[in-house]
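Here is the structure we will look at, set down as structure tokens.
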Amino acid sequence: MSGRNGFWALLFHTVFVIFVLAPIVVVCVVAFTPEGYLSLPVNGPSLRWFEALLNNRDFVSSFQASLLLGTISATLAALIAVPTAIAIVRHEFPGRTALLSLCMSPLMVPSIVLGVAFLRFLSQIGLGGTMVGLVISHVIIITPFVLRTIMNSLGSLDSALDNAAASLGSDGMTTFRRITLPLIAPGILSGWVLAFINSFDEVTMTIFIASPGLTTLPVRLMLYIEDSIDPLVAAVSTVLIVLAVLAMVILDRLFGLDRMLIGTNDADKDK
Amino acid sequence: MSPVTKADNTPSASFLAIDGLTKTYNKVTVVDRFALEVEEGEFVSLLGPSGCGKTTTLQMLGGFVDPSAGSIRLEGRDLIAAPPSKRGLGMVFQSYALFPHMTAAQNIAYGLEVRKVPRAERDERVRQALDLVGLGAYGDRYPRRMSGGQQQRVALARALVIRPRVLLLDEPLSNLDANLREEMQIELRRIQQTTGTTTILVTHDQTEAMALSDRIVLMRAGRIEQIGGPEAVYARPANSFVARFLGKTNLFPGTVGADGRSISIGSHVFAAPAAATPGATIVAVRPEKLGFGEGGIRGVVRNRVFQGTQWLVELDTEHGPAIVQRQNLGAVPPAIGEATGLVFEPDAVHLMAPEADK
């Protein structure tokens, strides 16, 4: 196979990459403007808007809320998804496909419908506008992501591994701890990351459930641009982009990003 | 080992006693009243075409499939009640099922770790097991960095290191290429004889079964067709299925004379090797026991293949197709299209009851 791309292919890729990256780059540059409106920092860069961001109580608390919500939700989703995936992949039982469809259904239902439904339901049971309410709704919509990656990991395991462990005298719990869990760990981890990102990113549904006292970062950002567009928004975006890139680099160093996102589990790390 | 005395089952004297073992899935019987007694140290093969129930039988022994009926006793102890992890049997899987996140040594040590064997003894036994399978220098390798044959050896060492009462092998050589398979057959036999472990092998390869086993259990459609030593089963197959499955054979329809002392195939009459029951019979003659000559069964050569050490000749005879194998001692067999007679020593034949096939 020749590894060379033709001229047009290269041109297309270049234009495509520019098209995708340009807005992000522009936002990052704009964040450094010293002016009071969205503009390029032609008179030299300034950290004015980052300072403003740090002093903005609403944004800081929303950022913390989003981090906490994403972490708790993704962790709970992973804890739910592991046994569910094992049941679905490894066992035959009545209602197996129904269970799978049920777990995957939040992907099909429009977020806005979920938002309205959760708004009503959570206030009915007295959890409206609380962290618990947010966690419940987020766990439900992000579980499919973890479930999918764990099911992929499990599906690529040789089912004889469990039997082999059993024949060597290993009971079910030991086999899970020493064989299954280490082998599906990459799937759990990549699922967790996907779930966290989805939780952190979710606006459509959350906007219905969040309360003035407890709002996630993207919702706060939405509400903020409703009345004012100033470089603070660009500063928030820049912080998020930098954090995302940092996270990617760390994950890639630790586990290999391709492997995680594709969800295979060649346990290549020779520890 | 306390003898178990259940009202419905007399404790058997043999090492491993399987009786009436049956597995039914949705009214389809895949294993039908399998019964076998195995002596300690014996190497027994379950041989048959795919779908004959041999693998299901092995999985019932291993505890991975629950029998519908029957009993399995190891040294008088009822095995069926025990989960796989408590049976103390070693198993080598067709896929080897090595733990990919563990090195060869860690794989082998696993069974000892869950048994809580002390560290020093564990290391020593792992080392011995690696040496036994000729992988002394490969303990730190991960399975994916090993060849199929090496993985196979690790799987074998892992199963043997726990000193199992019985070793179960599920088509362990089927994923290896032909040369390696032959090498591993010899190796497997050597290791089995060194350790003296009672072994049950499942295979669909008759040469493998004959090369390795003390006894062969031939299965078809869930039932045992014949049990016996390799030479005995080859020389005296119980029926035409067994005869055909264990290598090539010629089957001629024949009749045993009223006195039970002579056999006729068409016009060719010869003395019976032993007293036989008068009436219709099937005369089986192995290809290597047929020769060319005057008289005998008349036939025309359809095809002739030279294979170096031997000639393979296919003929059409008045009693159906025949195949002849002649060792290459210099004589050239009849050419294609030539008419010839097929002769054999009277004691080269084996008589079988006509197939009661439905």
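Identify, please: which residue in region B:178-226 is open to solvent by 50 Å² or more (accessible area, probe 1.4 Å), small (Gly, Ala, Ser) and touching a residue at least 12 places away in the same chain (Cβ under 8 Å) and is, among those, farthest from B:Asp19 (Cα to Cα)?
Across region B:178-226, the extreme among qualifying residues is B:Ala211.
Residue check, B:Thr29 against (1) more than 19 Å from the chain's Cα centre (by Cα); (2) at pLDDT 95 or above, all met but one. Which one?
(2)
For A:Val132, only one of the following conditions fails: (1) assigned to a helix (DSSP H, G or I); (2) of a type outside the set (Phe, Trp, Tyr); (3) crowded, with 16+ Cβ neighbours inside 10 Å. What is its number?
A:Val132 satisfies all of (1) assigned to a helix (DSSP H, G or I); (2) of a type outside the set (Phe, Trp, Tyr); (3) crowded, with 16+ Cβ neighbours inside 10 Å except (3).
Let me confirm something: among A:Ala85, A:Ala98, A:Ala74, which residue is small (Gly, Ala, Ser), part of a helix (DSSP H, G or I) and under 30 Å from A:Tyr224 (Cβ atoms)?
Selected residue: A:Ala74, the only one of A:Ala85, A:Ala98, A:Ala74 that is small (Gly, Ala, Ser), part of a helix (DSSP H, G or I) and under 30 Å from A:Tyr224 (Cβ atoms).
Restricting attention to region A:147-165, report how many residues are of a type in the set (A, V, I, L, M, F, W, C), surrounded by fewer than 22 Cβ atoms within 10 Å (Cβ to Cβ) and more than 13 Å from A:Pro83 (Cα to Cα).
3
Step by step: first the residues of region B:75-98, then only those that are assigned to a strand (DSSP E or B) and crowded, with 22+ Cβ neighbours inside 10 Å, then the one that is nearest to the other protein chains (Cβ to nearest Cβ). Which residue is that?
For region B:75-98, the residue satisfying everything is B:Met91.
Examine region A:57-69 for a residue that is surrounded by fewer than 18 Cβ atoms within 10 Å (Cβ to Cβ), more than 22 Å from A:Val132 (Cβ to Cβ) and of a type outside the set (A, V, I, L, M), and state whether such a residue exists.
yes
Output yes when any residue across region B:57-66 is modelled with pLDDT under 95, within 20 Å of the chain's Cα centre (by Cα) and open to solvent by 20 Å² or more (accessible area, probe 1.4 Å), and no when none is.
Scanning region B:57-66 turns up at least one residue that is modelled with pLDDT under 95, within 20 Å of the chain's Cα centre (by Cα) and open to solvent by 20 Å² or more (accessible area, probe 1.4 Å).
Just one of the numbered conditions (1) more than 14 Å from chain B (Cβ to nearest Cβ); (2) open to solvent by 50 Å² or more (accessible area, probe 1.4 Å); (3) of a type in the set (A, V, I, L, M) is not true of A:Met173; which one?
It fails just one condition, (1).
List the pairs whose first member sits in region B:94-112 and is under 15 Å from A:Leu181 (Cα atoms), whose second member is part of a loop (DSSP other than H, G, I, E, B) and among the small types (Gly, Ala, Ser), and whose Cβ atoms are under 7 Å apart, counting only residues at least 6 apart or on separate chains?
Pairs that qualify, where the first residue is under 15 Å from A:Leu181 (Cα atoms) and the partner is part of a loop (DSSP other than H, G, I, E, B) and among the small types (Gly, Ala, Ser), are B:Pro100/A:Ala267; B:His101/A:Ala267.
Just one of the numbered conditions (1) more than 30 Å from B:Ile162 (Cβ to Cβ); (2) not in a loop (DSSP other than H, G, I, E, B) is not true of A:Ala165; which one?
(1)
Can you name the residue in region B:312-357 that is acidic (Asp, Glu) and either within 28 Å of the chain's Cα centre (by Cα) or at pLDDT below 90 (or both) and, of all such residues, is surrounded by the fewest Cβ atoms within 10 Å (Cβ to Cβ)?
This residue is B:Asp357.
Taking the residues in region A:90-124 that are under 22 Å from A:Leu79 (Cβ atoms) and of a type outside the set (A, V, I, L, M, F, W, C) as candidates, determine which candidate is least open to solvent (accessible area, probe 1.4 Å).
Step by step, filter region A:90-124, then rank; the result is A:Pro106.
Evaluate the following for B:Thr277: is it hydroxyl-bearing (Ser, Thr, Tyr) and open to solvent by 40 Å² or more (accessible area, probe 1.4 Å)?
yes
Among the candidates A:Leu183, A:Leu127, A:Leu168, which residue alone is more than 14 Å from chain B (Cβ to nearest Cβ) and either under 27 Å from B:Gln106 (Cβ atoms) or buried (at least 16 other Cβ atoms within 10 Å of the Cβ) (or both)?
After ruling out the rest, the residue left standing is A:Leu127.
Cβ-Cβ distance below 7 Å, separation of 6 or more or different chains: which pairs start in region A:85-105 with a residue that is closer than 25 Å to A:Leu181 by Cβ and end on one that is in a helix (DSSP H, G or I) and open to solvent by 40 Å² or more (accessible area, probe 1.4 Å)?
Within 7 Å, the pairs are A:Ile88/A:Arg96; A:Ile88/A:Leu99; A:Ile88/A:Leu100; A:Val89/A:Gly155.
Does A:Thr143 qualify as being within 14 Å of chain B (Cβ to nearest Cβ), of a type in the set (Val, Ile, Thr) and surrounded by 14 or more Cβ atoms within 10 Å (Cβ to Cβ)?
The answer is no for A:Thr143.
Please list, ordered by residue number, the helices (runs of 4 or more DSSP H) wholly in region B:142-218 having 2 or more residues that are away from chain A (no Cβ under 12 Å), under 16 Å from B:Glu40 (Cα atoms) and touching a helix residue (DSSP H, G or I) at 6+ places or on another chain (Cβ under 8 Å).
Helices (runs of 4 or more DSSP H) meeting the threshold: B:178-195.
What is the one condition in (1) free of Cβ contacts under 8 Å to residues at least 60 places away in the same chain; (2) not in a loop (DSSP other than H, G, I, E, B) that A:Arg4 does not satisfy?
Unmet condition: (2).
Can you name every residue in region A:103-149 that is touching an Asp or Glu at 6+ places or on another chain (Cβ under 8 Å) and not aliphatic (A, V, I, L, M)?
Selection gives A:Ser111, A:His138.
In region B:99-141, which residue that is of a type in the set (Gly, Ala, Ser) and in contact with a helix residue (DSSP H, G or I) (Cβ under 8 Å, 6 or more places away or on another chain) is nearest to the other protein chains (Cβ to nearest Cβ)?
Of everything passing the filter in region B:99-141, B:Gly111 is nearest to the other protein chains (Cβ to nearest Cβ).
What are the pairs, 6+ residues apart or on separate chains, where a residue within region B:315-343 that is in the same structural domain as B:His268 (by TED's automatic domain parsing) and closer than 20 Å to B:Gly254 by Cβ has its Cβ under 6 Å from a residue that is of a type in the set (A, V, I, L, M) and open to solvent by 20 Å² or more (accessible area, probe 1.4 Å)?
B:Asp316/B:Val300
If only one of B:Gly229, B:Gly293 is at pLDDT below 90 and surrounded by fewer than 19 Cβ atoms within 10 Å (Cβ to Cβ), which one is it?
Only one candidate qualifies: B:Gly293.
Being under 17 Å from A:Leu168 (Cα atoms) and touching a residue at least 24 places away in the same chain (Cβ under 8 Å) is the filter; apply it to region B:115-150 and report the residue that is most open to solvent (accessible area, probe 1.4 Å).
The residue in question is B:Arg115.
The values are calculated or read from the model by the stated rules, or taken from the named source; none is laboratory data. Since the model is a prediction, treat every value here as computed from it, not as a measurement. We place every Cβ from the backbone using ideal geometry, glycine too, and count neighbours over all the protein chains shown. Areas reflect the complete protein model, heavy atoms only, side chains present, ligands, DNA and RNA absent. Shrake-Rupley method; radii C 1.70, N 1.55, O 1.52, S 1.80 Å.
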